[in-house]
1. Considering only the range 236-327, give the helices (runs of 4 or more DSSP H) lying wholly within it that have at least 3 residues that are acidic (D, E) and closer than 25 Å to R356 by Cα.
2. Please specify each residue of the range 20-48 satisfying the condition of being polar (S, T, N, Q) and more than 12 Å from the ligand (Cβ to nearest atom).
3. Checking L62 against (1) more than 30 Å from E382 (Cα to Cα); (2) away from the ligand (no atom under 11 Å from the Cβ), which test does it fail?
4. Restricting attention to the range 65-81, and to residues there that are of a type outside the set (A, V, I, L, M) and over 26 Å from I109 (Cα atoms), which single residue is farthest from the ligand (Cβ to nearest atom)?
5. Does any residue of the range 278-293 turn out to be under 35 Å from the mean Cα position of the chain (by Cα) and not polar (S, T, N, Q)?
6. Evaluate the following for R51: is it out of contact with any Ser or Thr (no Cβ under 7 Å at 6 or more places or on another chain), assigned to a strand (DSSP E or B) and within 16 Å of the ligand (Cβ to nearest atom)?
7. List the residue pairs whose Cβ atoms are under 6 Å apart, where the first residue sits in the range 34-63 and is under 17 Å from M94 (Cα atoms) and in contact (Cβ under 8 Å) with a residue 60 or more places away in the chain, the second is in a loop (DSSP other than H, G, I, E, B) and within 16 Å of the ligand (Cβ to nearest atom), and the two are 6 or more positions apart or on different chains.
8. Among the numbered conditions (1) surrounded by fewer than 18 Cβ atoms within 10 Å (Cβ to Cβ); (2) touching a strand residue (DSSP E or B) at 6+ places or on another chain (Cβ under 8 Å), tell me where C83 comes up short.
Amino acid sequence: MSDLAIPQTLLHPLKATVVGFHEEENEYSFQVEYPDPEVCPNCGTCGEVVRFGKKQVKFRDLPLHGRWVTLWLVRRRFMCRACNTTFSPALPEMAESNRMTRRLADYIIKATVGRTNSDVGREVGVNESVIRTLFRDHFEAQKDRYKPTAPRVLGIDELYLQRTYRCVLTNIEEETIIDLLESRTKPQVTAYLSRLKDRKDIEIVCMDMWNPYREVTKALMPQATIVVDKFHIQRMANEAMEKIRKSLKAGLSQHRRRALKGDRKLMLMREHDLNPMNRMVVDTWLNQFPELGAAYRLKEEFLNIWNLENESDAKEEYRRWHSSLTPEERPQWAPLTTAMSNWEAEIFAYFGNGQRNTNAFTESMNRQMKDLNRLTRSMSFEMFRAKILFSVEHKMKRKEKPRRESPFTMGYGLPTDANLAGRAPSMRDMGAPIRPLLEFLLEPPININPMPSAEG
Ligand SMILES: [Zn+2]
């Protein structure tokens, strides 16, 4: 091959010189070399370094034109005649332990968010296990750096992922995810929250109706008001109505059942959201099937409680609603009414001053659960946590109150944490912003998979 056929610029801005080139259907191979060092790294003498031996070492690089790229690096050893030691120069552009260029390692870490490891592996021509290791190391480093801030309004929710309930901690006002715990057990939640610095600053805890959450909150954040997010209790009203609808439908003849086409969706909608057409349809059903009509009415009336202005009106209206249940209806609505009595204080705390917090996380997540489950099916929990926590730039906030310390006290006493960490003392990490994160995770991945087999 003549020198003219050797592409010198394709690997730009890599500093290595291309000395050989070979092309195959799915792969480009470049033979590359770095300039000889002039200075001995051991004794610092200049001009006494001589070549001492060489071998070729294989590195993967970023794919080019949809093909895998292999770099065959001519890796030389050198000897310093001044101090008589041999050495191999450092390779700042290579992630040597992973046998790839650093830029490929960076690319892989970005690409594995929102895509499977094997998919990324096929694209860049790297074994899946290498990708896993890369990502894990990267995650470990980020995890060590992450210092979450206790929010004013904490959300404790659960996420049913990989057939297990996971606990999700959110900052409701900032709409960020603070962390994700492997399970929602009391010991796990306790362990995490007891390590959360400044948890005394938490004023409101918005939660699912899961007793361990309540117990942990009362024990660790006794100052906080516990609020059950209206979403959770309203969902139970929908579920009760759904159960009634299904059992009614199951008892109908096929002919009569046909009259209820599309009923699920319309019945779950709020009455005020129905357009005139749909409203007519629903009215017809409700007249035709009085039991269904009653269930729909009860659902609507229950949800309307949350439109009321204050706690005493809401309580009053709930009492009225509850006593309107007939003996036949009572068992049907029992899951809801039981939850209402077990969590009465926390449910009605929603109506207290300034506590009408709805949880953006719960709402968005529930809409996207199917996609998230698909995305994480073959992922370890740690991997999923890493992707949730470290895929997008965190929301950072300046501390409200500037430090009051005099600058002249510097040098006395113990160094502050901020000085030790060597970073701005006034920034607080609020966590991963939910909406950008979901957008990022769930957008269809761009796949430039080079393997012909993958096209079939
Ligand atoms: Zn030397």
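The values are calculated or read from the model by the stated rules, or taken from the named source; none is laboratory data. The structure displayed is predicted, hence computed values, not measured ones. Neighbour counts run over all protein chains shown; Cβ positions are idealised from the backbone, glycine included.
1. Ranges flagged: 311-323.
2. Those that are polar (S, T, N, Q) and more than 12 Å from the ligand (Cβ to nearest atom): N26, S29, Q31.
3. Unmet condition: (1).
4. Selected residue: R75.
5. No, there is no match, as no residue in the range 278-293 is under 35 Å from the mean Cα position of the chain (by Cα) and not polar (S, T, N, Q).
6. Against the criterion (out of contact with any Ser or Thr (no Cβ under 7 Å at 6 or more places or on another chain), assigned to a strand (DSSP E or B) and within 16 Å of the ligand (Cβ to nearest atom)), R51 qualifies.
7. none
8. (2)
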